[in-house]
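Let me begin by presenting the structure, written as structure tokens, before commenting on it.
The values are calculated or read from the model by the stated rules, or taken from the named source; none is laboratory data. Just so it is clear, the structure is predicted and the values come from calculations on it, not from any experiment. Using ideal geometry, Cβ is built from the backbone for each residue, glycine included, and neighbour counts are taken over all protein chains shown. For the accessible areas, the whole protein counts, side chains as well, though only heavy atoms, and no ligand, DNA or RNA atoms are used. Shrake-Rupley method; radii C 1.70, N 1.55, O 1.52, S 1.80 Å.
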Amino acid sequence: MSWNASKSRYALTIGTGLGAFVLLLVALVALNVLVGNLRLSRDFTAERLYTLSEGSRRILRTLDEPVTLTLFFSRSNPDVPMFFKDYAERVQDLLREYALASNGRVRFEVQDPQPDTEEEEWAQRFGIEAQPTGVMAPPLYFGLVARNVAGEEQVLPALHPRTEARLEYDLTRLITRALDPAKPVLGVMSTLPVLGMPDMSRMGMPPQRNQNQGWVSFRELRHEFELRRISPQADELPADLSALLVIHPKELPEETEYAIDQFLLNGGSLIVLLDPFSIAELQQSDDPMAGMMGPTEPGPSEFHRFLDAWGVAFSTRQLVADLRAATRLGGGGRVEENPMFLSLRPINLNRDDITTANLDSIMLPFAGALHDQTPESITFTPLIFTSEDAACEVDLMGAQFGLAAVREQLTPDGTRRVLAARLSGTFQTAFPEGHPGGDEVETALTSGVGNVLLVGDTDFLYDDFCIRMTDAMFGFQVPQLMNDNINFFI
């Protein structure tokens, strides 16, 4: 692929008497180029958006083949708002950082897709979105393409200033996907039917209603990952997992827990969704096929061995209530504000973390609190949390009988409850005595650097609490987001 670019040739004729001036000019130009190429990574933005993280730098240092980034931006379009042009300059600044940090492995170029040009044709072929700027005005193209040496590409079809906080994440991911287009494998171990019920038709049983559909949040996840169903009784994990997602764990065999332990200590990323009271599980327990997923008796998540080893306490007999985050619920002809159905706003989200920086609303129904008791080797970073002066924890048993049964317990104690957190650092094994079967394993690890994301709720991904179905054309229904629950998850 090539783009036509105008080339200018300059001829310079000098006399002997101008030699000193030319040497000075060359020195100044060389200095200017040198300073430009050695652009200092000093970041004057409050969010430090243009200083590459060590994670990105580490990835760039290990690239084994070049990748070309092509930024399509309609910079000559007079109708493009100035804040878009300013953002485009910042994007180019960040691309220069990538080129420098990669020792030349990352190359970037900028194309201006003016109407009826080859550049516009290529932008359209790559799927760069044409955004309207006026009734008769030419469209705005603002997207990025990453290509490897084989010509395979990955695309960010539309860049926008509102997603600036996650720009580095998007760029690093774009580069890695261009060099390795295969979808990362995400293992899903769940006692809830998040991936749908197993297909029983092969066993001669009639297909069940929606058995292969699964939750919408996980259907969306399939766009980014290959999802691999992992049995809650598995005694080993596939070697190709990029991350493991454990949802509402209960009655896991020790062999399964040991496999999870070794996966984490070997550098694996672990996402664990816990719940003191799962509404989805309560509804699932009435399904005759529920036994295929694991324990059918509703109850809290059980992950004590790991939480104890990591220094995290999780309330399984109490629910978090926040009077400032109460949700208006209707039923039985009346409407009341329920502080255990948490409708959380930006003030409850970590604005300094890319996971939650751009989110506006999260709903967590009947969630539990995570209490930080981690050792110095583990960093506990709260991502979602309650108000500091309006939160408390109430008895789970009483809460099941309605709001009236727990009103006396709704006494805030001035303590902020953490509802989701990231753990990072060096983890110690949850099996200090070794393999639970007494077997000696030569490759067994007793500690290792890893990452864990903990969330004190599972129902936030259940369809009833994150989407609503809306009518579309031809009688079809499409899901519409109710909040940022799925965005946070993905």
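For Ser269, the residues whose amide H sits under 5 Å from its own are Leu244, ignoring neighbours fewer than 5 places away on the same chain, with H placed 1.01 Å from N.
Please give me, ordered by residue number, the trypsin sites (Lys or Arg not before Pro) of the stretch 385-472 that lie in loop per DSSP and have at most 16 other Cβ atoms within 10 Å.
Answer in residue order: Arg416.
Positive contributions from Lys and Arg (+1) and negative ones from Asp and Glu (-1), summed over other residues with Cβ under 10 Å from the Cβ of Ile362, come out at -2.
For Gln213, the amide hydrogen comes within under 5 Å of the amide hydrogens of Met197, counting only partners 5 or more places away or on other chains and with H modelled in the peptide plane.
Placing a label point 7 Å from the Cα of Arg416 along the Cα-to-Cβ direction, the residues of the stretch 425-460 whose backbone N falls under 18 Å from that point are 454-456.
For the stretch 385-490, GluC sites (Glu not before Pro) are listed when DSSP marks them as loop and at most 10 other Cβ atoms sit within 10 Å of their Cβ; the list is Glu433, Glu440, Glu442. Radius of gyration (Cα atoms) of the stretch 325-370, expressed as a multiple of 2.2 N^0.38 Å: 1.37.
Surface analysis of the stretch 308-458 yields an accessible area of 49 Å² per residue, using protein heavy atoms and a 1.4 Å probe. For the stretch 423-466, the residues whose backbone nitrogen is under 20 Å from a point 7 Å from the Cα of Glu255, taken along Cα to Cβ, are 430-445. In the stretch 254-402 the Cα-Cα distances spread across 10 Å bins starting at 0 as 9, 31, 37, 19, 3, 0 percent of all pairs.
Per-residue packing, averaged as other Cβ atoms within 10 Å, sorts the ranges 315-323, 58-66, 171-179 into the order 315-323, 171-179, 58-66, beginning with the highest. Counting residues in the stretch 335-490 as N, plug N into 2.2 N^0.38 Å and put the Cα Rg over that result. Taking N as the residue count of the stretch 335-490, the ratio is 1.31.
Restricting the chymotrypsin sites (Phe, Trp or Tyr not before Pro) of the stretch 358-461 to loop positions (DSSP other than H, G, I, E, B) with no more than 13 neighbouring Cβ atoms within 10 Å leaves Phe401. Computed from label points 7 Å out along Cα-Cβ, the spacing between Tyr169 and Asp112 is 3.4 nm. With a 1.4 Å probe and all protein chains left in place, how much of the accessible area of the stretch 362-490 comes from carbon and sulfur atoms, in whole percent? Looking at the stretch 362-490 in its full context, I get 50 percent from C and S.
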